[in-house]
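The next block holds one structure in the form of structure tokens; read it before the comments.
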Amino acid sequence: MGLAERIFVQKRYIDIFRELRIDKQSSPRIFKENKDLFVLCCTIGFKLNKRSNELKSSEMLLWSNTFDEYQETVLKAIALKSVGNSDLTILDKPAKVYQIAQLYADKGMEILIEEIFKPYIKETKDGTLSIVYNEKAELLEALIHYVYSLNEISDPFD
Amino acid sequence: MRLERIILNNFKQYYGEQMIEFSGSSSNDQSNVTVVYGENGRGKTTLYRSLLFGFYGDRLLEQDEYENNKESIMYLANLKALDEASTENQGIDVGVTIEFNHMNEVYRVNRYFKAIKKMDTGEIYEDLPSVELTIIEKDGNTKYFDEANSEEIENIINSILDNRVKNYFLFDGERIEDLTKASNKQKENIRRGIKNLLKIDNLFLLKQALEENKKEINIDLKKISSGELKLNILKIEENESKIAEIKNEIKNKTKELTFAENQKEDIDHTLKKIEEHRPILDKILKLEDDIISLKQKQKSLNQTLVELTPSLSVFLAKDLVEELIVDLEDKRVRGEVPSEIKTELIDKLLNEMSCICGRELSIGSEEYENLLDWKKKSNTQVYEKHAMKLFGDLKTTFSHVNYTTETISDNLSNIAKVEEQLELYTNEYELLSKKEIQVSNKDMMKNFEYRESLSNEITKIRYQLNSLEEELVFAQKEREDLEKKQKSLNVENELQAQYQGKITLVTKSLNALNDIIQNFEKEVKSELEDKANEIFKHLIDHSGSTNLKKIIVKENYTLDVLDWGGRPFLANISAGQRQIISLSFITALAEVAGGSSILEIPLFMDTPFGRLSPDHRKNLVNYIPTITPQWILLVTGSEFREEEEGKFLRDTGKWGKFYYLKSVSEGLTEIRELTPEDLPKIKDIERKN
């Protein structure tokens, strides 16, 4: 896909990405890299067929060339599906692919917060969110179970 | 001792058997002077020699030694008798027999030997002399000693007249003055002889014995004073401090042991209380361990899950991916998407310039144009290009998702199992912990550990105590030995004290004895001096009495004289005066030794008058017979004048026997017995000759 693209998320979610990636004694990390939570959010948004219309006050999270080949493929597949299966030209337009992904991810994060992270989320006055948890929270397991449960939901396109 | 007779048998000049009988052989005899008259060389000195040979076996006289006659052989056998016997190849008997009485017993001593002269060579051989002694005791019994008892014979004769003082009594007038100028060795000999004569020899013997005794005690003392006592005391001190040290250490170790044992007891008491809970405790501890390991497992599983989050992130796209694959597959089947093979085949054919039917392709040919057209159709369609790529990616993504789904599921289920187990253990742990254990498990374990270390400590201390006890036993045994030794050393010490006491006693005795001896000697010397001076006064002539004040008996019983100025004067006096002094001393000695009675030793004088002044001679002749039991005078004609000595002697009434030595031929003398009255006849004969 040539040169790498910047991937953005809402500024208020940045801390959550960071918190879940940093490994601490009290709160072990849940994701190795930002891209993994980003893609997960994206697939959740897509699975539940929910995406934002636009990305408000966003901040760059990562470079697109950090995605692994499977994530890259999935993001393309989602973009393709979003524009209709027959228009493969979107595959030539990475910015379009990532833009679609950002919108899904934005919604996906919103859903994850609502479904999983909510008890641990703290919101500052300026609306920035942070997450405070410990190992007993078993966040990752909860996430996995949640993801698995979503998979049981029938394909919205079926 | 009183001499009775002397019998000579072929002795020197005296051929055959000849005899002289002596005046005064009995204390009842009025006369006690025997005069043997003979010129020089007739055998006067031989008589003297025969006496010494008879009594002591002396072959040589002192004067022989002075005259350096040692080298020449002196034969005692009579040469005439030897010659006569040799003609018949015979030997002769040679000997001297002396008969004397002493303390009412009669003695007959005979010393004899065989001699032979070889006719052919003229050599003379004399056997070693033999001796025999016969004693007729008071009760008439006879004792006989022969050569086998020669030592006893010697002792008997010495007890009567000590060999060492013989020369005082059997002296040669020429030599008498030697008494005043004897050598040191002779002086000491004289001294001992005089002591014996004075019967103080025993005192000296006692002194000598005591001195030897003292020496021996000192040696014994040295033997037992080896310093061992001191050494042993030192060792005992060392041993005592060692024992004290060991005991102290035992005390300390026992304290430590008691403390450790008490501690252990306390712990045991506590532990006993919880001993019944031991299984539970063990279980709790095991649960603790299990929980820890489960948590570790949980953590590692969680880590794996984190590693799997990239896969999780695409998990929800599985259906989408599958759907797209199916869609693309449909399009391909409908020909909307060239199969991979078709595209590759066109490229291959174009590259190799060969037709599918095997014919060669040539550029510009119909087949070539068809292929290019076909290929162009495919290349120009973007759709086909993306579809092909996407199709492949979707396929690999699909299989990846499938695979990781399983992995994640397995992990989840493992985590679930671990969590379940963890919960179970945790619950059980909490349940057990709540039960009755008040002491924390760790404290408990500490107690166990402490108990273990205490047990080790106790074993160690006990071992040390055992060693110390052994050491103590050893040290005490050593002490016993040392004390035993000390006891024996103390005995030695007592012995030492005893020896010291002995030494003190012996020393005291010696000192006392020395005092006694000194006093006695002093008294004896003083008495000797008094007596000698008394006799000296009787004997000394007028001129002598004006010069000489006093005879001095010195420490070693030698003599000196002092002049009237009190100065030693011996060196200045005449030979005659010397002789008088010696004579005075000898007669004094005889008197002192005899005590209240006169000592019965005959005075045998060989040519005494030669050097004496007329006054001396008169004095001598008058005085000597009164103080000596027997006086035997050997005189020459020149010194024994008819009107002087002869007259004086006759006047004393003491002159009993008179013998004339007649020279028969060269070296042959005959003893003829005369009477004192025959002296003028002899003088007449001499004058005629």
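The values are calculated or read from the model by the stated rules, or taken from the named source; none is laboratory data. Small disclaimer: the values here were computed from a predicted structure and weren't measured. FYI the Cβ positions are ideal-geometry reconstructions off the backbone, even for glycines, and counts take in every protein chain you see. When the accessible area is computed, the model is the full protein with side chains, heavy atoms only, and any ligands, DNA or RNA have been set aside. Shrake-Rupley method; radii C 1.70, N 1.55, O 1.52, S 1.80 Å.
Can you pull out every residue in segment B:528-555 that is over 12 Å from B:Ile581 (Cα atoms), touching a strand residue (DSSP E or B) at 6+ places or on another chain (Cβ under 9 Å) and modelled with pLDDT under 80?
Within segment B:528-555, B:Asn547, B:Lys554 meet the criteria.
Can you tell me which of B:Lys297, B:Lys283, B:Lys264, B:Lys272 is out of contact with any Pro (no Cβ under 9 Å at 6 or more places or on another chain), within 20 Å of B:Glu419 (Cα to Cα) and modelled with pLDDT under 90?
After ruling out the rest, the residue left standing is B:Lys283.
Do we find that B:Asp289 is in a helix (DSSP H, G or I), at pLDDT 65 or above, more than 60 Å from the chain's Cα centre (by Cα) and surrounded by fewer than 17 Cβ atoms within 10 Å (Cβ to Cβ) in this structure?
yes
Looking at B:Leu281, B:Leu308, B:Leu271, which is the one that is surrounded by 15 or more Cβ atoms within 10 Å (Cβ to Cβ), more than 7 Å from chain A (Cβ to nearest Cβ) and more than 21 Å from B:Ser433 (Cα to Cα)?
Checking each option against the conditions leaves just B:Leu308.
Can you tell me how many residues within segment B:491-527 are open to solvent by 40 Å² or more (accessible area, probe 1.4 Å) and touching a strand residue (DSSP E or B) at 6+ places or on another chain (Cβ under 6 Å)?
Within segment B:491-527, residues that are open to solvent by 40 Å² or more (accessible area, probe 1.4 Å) and touching a strand residue (DSSP E or B) at 6+ places or on another chain (Cβ under 6 Å) number 0.
Scan segment A:1-46 for residues that are closer than 19 Å to A:Glu114 by Cα and of a type in the set (S, T, N, Q) and report the count.
The total comes to 2.
Does A:Lys11 fit the bill of being touching a residue at least 60 places away in the same chain (Cβ under 8 Å), over 30 Å from B:Lys295 (Cβ atoms), more than 9 Å from chain B (Cβ to nearest Cβ) and of a type in the set (D, E, K, R)?
yes
From the residues in segment B:432-442 that are surrounded by fewer than 12 Cβ atoms within 10 Å (Cβ to Cβ) and of a type outside the set (S, T, N, Q), which one is modelled with the highest pLDDT?
Filtering segment B:432-442 for residues that are surrounded by fewer than 12 Cβ atoms within 10 Å (Cβ to Cβ) and of a type outside the set (S, T, N, Q), the one modelled with the highest pLDDT comes out as B:Lys434.
Give me the residue from segment B:557-593 that is surrounded by fewer than 15 Cβ atoms within 10 Å (Cβ to Cβ) and not aromatic (Phe, Trp, Tyr) and, out of that set, nearest to B:Ile624 (Cα to Cα).
Checked segment B:557-593; the qualifying residue nearest to B:Ile624 (Cα to Cα) is B:Ala575.
Give me the helices (runs of 4 or more DSSP H) completely within segment A:40-158, filtered to those with at least 2 residues that are within 22 Å of A:Lys11 (Cβ to Cβ), at pLDDT 90 or above and more than 8 Å from every other protein chain (Cβ to nearest Cβ), ordered by residue number.
Once the helices (runs of 4 or more DSSP H) in segment A:40-158 are filtered for at least 2 residues that are within 22 Å of A:Lys11 (Cβ to Cβ), at pLDDT 90 or above and more than 8 Å from every other protein chain (Cβ to nearest Cβ), what remains is A:94-112.
So, in segment B:625-643, of the ones that are within 20 Å of B:Asn533 (Cα to Cα) and out of contact with any Pro (no Cβ under 9 Å at 6 or more places or on another chain), which residue ends up modelled with the lowest pLDDT?
My answer is B:Ile627.
Residue check: is B:Ser455 farther than 30 Å from B:Phe315 by Cβ and at pLDDT below 90?
So B:Ser455 fits the description; yes.
Does A:Pro28 qualify as being under 24 Å from A:Glu141 (Cα atoms), touching a residue at least 12 places away in the same chain (Cβ under 8 Å) and not hydroxyl-bearing (Ser, Thr, Tyr)?
In short, yes.
So for segment A:37-50 (the condition being open to solvent by 70 Å² or more (accessible area, probe 1.4 Å) and under 14 Å from the mean Cα position of the chain (by Cα)), does at least one residue qualify?
Within segment A:37-50, one or more residues are open to solvent by 70 Å² or more (accessible area, probe 1.4 Å) and under 14 Å from the mean Cα position of the chain (by Cα).
What residue, among those in segment B:75-107 that are farther than 26 Å from B:Leu133 by Cα and among the charged types (D, E, K, R), is surrounded by the fewest Cβ atoms within 10 Å (Cβ to Cβ)?
Result: B:Glu88.
Please determine, by comparing only the residues of segment B:15-58 that are of a type in the set (Ser, Thr, Tyr), part of a strand (DSSP E or B) and in contact with a helix residue (DSSP H, G or I) (Cβ under 7 Å, 6 or more places away or on another chain), which one is surrounded by the most Cβ atoms within 10 Å (Cβ to Cβ).
Among those that are of a type in the set (Ser, Thr, Tyr), part of a strand (DSSP E or B) and in contact with a helix residue (DSSP H, G or I) (Cβ under 7 Å, 6 or more places away or on another chain), it is B:Tyr37.
Being touching a helix residue (DSSP H, G or I) at 6+ places or on another chain (Cβ under 9 Å), at pLDDT below 85 and assigned to a helix (DSSP H, G or I), is that true of even one residue in segment B:349-361?
yes
Wholly within segment B:535-649, which helices (runs of 4 or more DSSP H) include no fewer than the required count, namely at least 1 residues that are within 23 Å of B:Asn32 (Cβ to Cβ)?
Ranges flagged: B:575-594, B:614-627.
Could you tell me which residue of segment B:112-121 is nearest to B:Asn28 (Cα to Cα), considering only residues that are open to solvent by 30 Å² or more (accessible area, probe 1.4 Å) and not aliphatic (A, V, I, L, M)?
So the residue we want is B:Tyr112.
Quick check on my filter: what residues within segment B:316-328 are touching a helix residue (DSSP H, G or I) at 6+ places or on another chain (Cβ under 6 Å) and either open to solvent by less than 20 Å² (accessible area, probe 1.4 Å) or more than 10 Å from chain A (Cβ to nearest Cβ) (or both)?
Listed by number, the residues that qualify are B:Leu316, B:Ala317, B:Leu320, B:Val321, B:Leu324, B:Leu328.
Can you find a residue that is polar (S, T, N, Q), open to solvent by 60 Å² or more (accessible area, probe 1.4 Å) and under 22 Å from A:Ser130 (Cα atoms) anywhere in segment A:18-30?
Looking for residues that are polar (S, T, N, Q), open to solvent by 60 Å² or more (accessible area, probe 1.4 Å) and under 22 Å from A:Ser130 (Cα atoms), one finds at least one in segment A:18-30, hence yes.
Looking at segment B:231-253 only, could you name the residues that are open to solvent by 60 Å² or more (accessible area, probe 1.4 Å) and either within 30 Å of B:Asn493 (Cα to Cα) or of a type in the set (Ser, Thr, Tyr) (or both)?
Answer for segment B:231-253, where residues must be open to solvent by 60 Å² or more (accessible area, probe 1.4 Å) and either within 30 Å of B:Asn493 (Cα to Cα) or of a type in the set (Ser, Thr, Tyr) (or both): B:Leu231, B:Ile233, B:Leu234, B:Lys235, B:Glu237, B:Glu238, B:Glu240, B:Ser241, B:Lys242.
Would you check if there is a residue in segment B:682-689 being touching a residue at least 60 places away in the same chain (Cβ under 8 Å), under 17 Å from B:Thr34 (Cβ atoms) and surrounded by fewer than 19 Cβ atoms within 10 Å (Cβ to Cβ)?
no
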